[in-house]
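The structure under discussion appears below in the form of structure tokens.
Nothing in this text is a laboratory measurement; each read-out follows from the coordinates by a stated rule. Source: prediction; values computed, not measured. Please note: Cβ atoms are built from the backbone with ideal geometry, for glycine as well, and neighbour counts cover all protein chains shown.
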């Protein structure tokens, strides 16, 4: 099956498309919002992963 | 500043409760019935893809379990998928394989698909009553 990072990117993609179409009306602002949400989800998850790195599970 | 006059509610193809029920049962149907064809297609595609991926990843469509309050919330979110929930259960999908490495990912996809569909029901309501004109 797909690896975890790919699944996370797919999830972020679906969420970003959904909210771009739910909340934004014009094409240009949809694109802008899509990239904002997509980047926030993917980069946020990677950043959170790095922050958790010093705290391994026992 | 002059107070904006509320826009007249659009003519509805169905009574409002039936429209909202249709929006819940089939992702995107509420928007389709209100003439928002392209948005309906996008919403339906996103929710169906999320649901199918979740089911293929061996996620679980949960039922409420006594002593586990979060299972009630998970049940509501899963039920938000509408007909997909019942069809998947009927076909034996969404049972959940806890030992599968993708179980939690599957749950995430299934739950978010349901919650997105519930948001669509609310959006359908807003369009139907004239709060949103697009």
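Shape class of segment B:11-64 from the Cα gyration tensor (axes a ≥ b ≥ c, square roots of the eigenvalues): oblate, since a/c reaches 1.5 or more and a/b does not exceed b/c. Shielding value for A:19-26 is 4, the average number of Cβ atoms from other chains within 10 Å of each residue's Cβ.
Over chain A, DSSP H runs of length four or greater, each weighted -39,500 (n - 2.57), average out per residue to a 222 nm ellipticity of -28000 deg cm²/dmol. Scaled against the 2.2 N^0.38 Å expected of a compact globular protein of N residues, the Cα radius of gyration of segment B:46-99 reads 1.09.
A simple spin-label model places the labels of residue A:3 and residue A:39 2.4 nm from each other, with each point 7 Å out along Cα-to-Cβ. When shorter helices are ignored and each DSSP H run of at least 4 residues is given -39500 (n - 2.57), the per-residue value for chain B at 222 nm works out to -19000 deg cm²/dmol. Three principal axis extents of chain B based on alpha-carbon atoms, in descending order, are 60, 31, 27 Å.
Relative contact order of chain B: 36 percent, from C-alpha pairs under 8 Å at least 6 residues apart in sequence. Rounded, prolate or oblate: which fits the protein assembly as shown when a ≥ b ≥ c are the square roots of the eigenvalues of the alpha-carbon gyration tensor, with rounded for a/c under 1.5 and prolate only if a/b beats b/c? Oblate, because a/c is 1.5 or more while a/b does not exceed b/c.
Taking 0.36 nm per residue of separation and subtracting the current Cα-Cα distance, fully stretching the chain between residue B:71 and residue B:37 would add 8.8 nm. Counting Cβ atoms of other protein chains within 10 Å of each Cβ in B:111-119 and taking the mean gives 2.
Here the extension length gained between residue B:119 and residue B:98 equals 4.7 nm, from 0.36 nm per residue of separation less the Cα-Cα distance. By the Kirkwood approach, averaging reciprocal distances over each pair of separate Cα atoms, chain A gets a hydrodynamic radius of 12.6 Å. How far is the Cα center of segment B:47-72 from the Cα center of segment B:80-99, in Å? Value for the Cα centre distance between the two parts: 7 Å.
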